[in-house]
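To start, I am sharing the structure in question, which I have written as structure tokens.
What follows is calculated from the coordinates using simple rules that are stated; it is not laboratory data. A quick note: this is a predicted structure, and the numbers were derived from the prediction, not measured. For neighbour counting, all protein chains shown are included, and Cβ atoms are generated from backbone atoms with ideal geometry for every residue, glycine included.
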Amino acid sequence: MNTIAGLDFTDPLTFIISLVLLVVIVFLRYVLLSGAYHWMVSKFGPTFLKHRLLYAPLNHSKQIRRELVLSSYSALIFGVVGMVVLVMYQLGLTKVYTDLNEYPLWYIPLSVIIYLLIHDFYYYWLHKWMHLSPVLRRYHMAHHKSVRTTAFTSFSFHPVESVLQAVILPVIVMILPMSLVAVFITLFLMTLSAVINHAGVEVYPIGKRAGFIRRHFIGATHHDHHHRNMKKNYGLYFTFWDRWMKTEK
């Protein structure tokens, strides 16, 4: 049986304590990263980043409070799914490995890229379906109440949508070999990407020389169009599904 730090996650008490700690870690990671990013945009945006701002930094306490409440639900759900993955790992039901000699080191970044590509595919069609479905759209609208988004919007989802977003993680690690290091890198990139895409400031290169990055990678400008329009730009990390399906603005 696999273990992490000698812990048995199938033990009820260990599971509960680990779950509480994991939920706290997930929520604090979100609050600290989003808060730092939001402070940076509010503090330096109007002066040093003015040419990159999509709109004036939003500091409406009512909207941010709503986003923090929804994000706390998301953190709970993501924590539960994380614990499910840990139990699956312990029972040998995942392809996650801790011995870095099991695969070549170059496979670590490759596995991260493969994960992001699979996740991007899943999210595009899920996201598009949520906009087409009368039933699920009412849940997704909890996220779209933030038309002018902030860094805190990044985790602001209805619990039903959070579940739908999170279930892809255990599915992928069941079929894709990933080192524990690659899993941590992927989780960090997922959080950072969500914050960047919602903060209202374009951090990717702009201008004539930025064609490749702007064409293939989703940034704040690309996702801001989605929050303003809701009928275009459904992608998560990369733009090619929007381009192939002709849903890119």
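Provide the gained length on full extension for the span residue 73 to residue 60, in nm with one decimal, where the gain is 0.36 nm per separating residue minus the Cα-Cα distance.
Residue separation times 0.36 nm, minus the Cα-Cα distance, leaves 2.6 nm.
What percent of all Cα-Cα pairs in the chain falls in each 5 Å bin, counting up from 0?
1, 6, 12, 16, 18, 17, 13, 9, 5, 2, 0, 0
Further, regarding this structure: Please build a GNM for the chain, connecting alpha carbons under 10 Å apart, and tell me which residue among 120, 224, 11 fluctuates the most.
In this elastic network of the chain, the residue with the biggest mean-square fluctuation among 120, 224, 11 is 11.
Let me understand the range 169-231 better: what is its radius of gyration from the alpha carbons, and its Dmax, in angstrom?
Spelled out, the Cα radius of gyration and Dmax of the range 169-231 are 14.9, 42 Å.
A further question follows. Using the crude model of +1 on Lys and Arg Cβ and -1 on Asp and Glu Cβ, and no other charge, please compute the dipole size for the range 12-244 relative to its Cα centre, in debye to 20.
1120
Can you compute the helix-only [θ] at 222 nm over the chain? Use -39500 (n - 2.57) per DSSP H run of at least 4 residues, normalise by all residues, nearest 500 deg cm²/dmol.
-21500 deg cm²/dmol
Here's something else I'd like to know. Highest GNM mean-square fluctuation, the chain, Cα pairs closer than 10 Å: which of 194, 151, 166?
The residue that fluctuates most here is 166.
Between residue 133 and residue 244, what is the label-point separation in nm under the 7 Å Cα-to-beta-carbon projection?
2.2
Compute the acute angle (0 to 90°) between the alpha-carbon long axis of helix 12-48 and the principal axis of greatest extent of the alpha-carbon atoms of the chain; round to the nearest 10°.
Long axis of 12-48 versus the principal axis of the chain: about 20 degrees.
Quick one: among 104, 57, 205, which has the greatest mean-square fluctuation in a GNM of the chain with alpha-carbon springs under 10 angstrom?
In this elastic network of the chain, the residue with the biggest mean-square fluctuation among 104, 57, 205 is 104.
Apply 1/(1 + (r/R0)^6) to the Cβ-Cβ distance of residue 215 and residue 163, taking R0 = 35 Å, and write down the FRET efficiency to the nearest 0.05.
Efficiency, from the Cβ-Cβ distance: 0.60.
Taking only the alpha carbons of the range 87-204, what extent do you get along each of the three principal axes, in Å, biggest first?
Extents along the principal axes: 47, 33, 21 Å.
With the contact rule set at Cα under 8 Å and sequence spacing of 6 or more, what percent relative contact order holds for the chain?
It comes to 25 percent, rounded to a whole number.
Let me ask something else. What nm distance separates the two modelled labels at residue 13 and residue 147, each placed 7 Å from Cα along Cα→Cβ?
5.4
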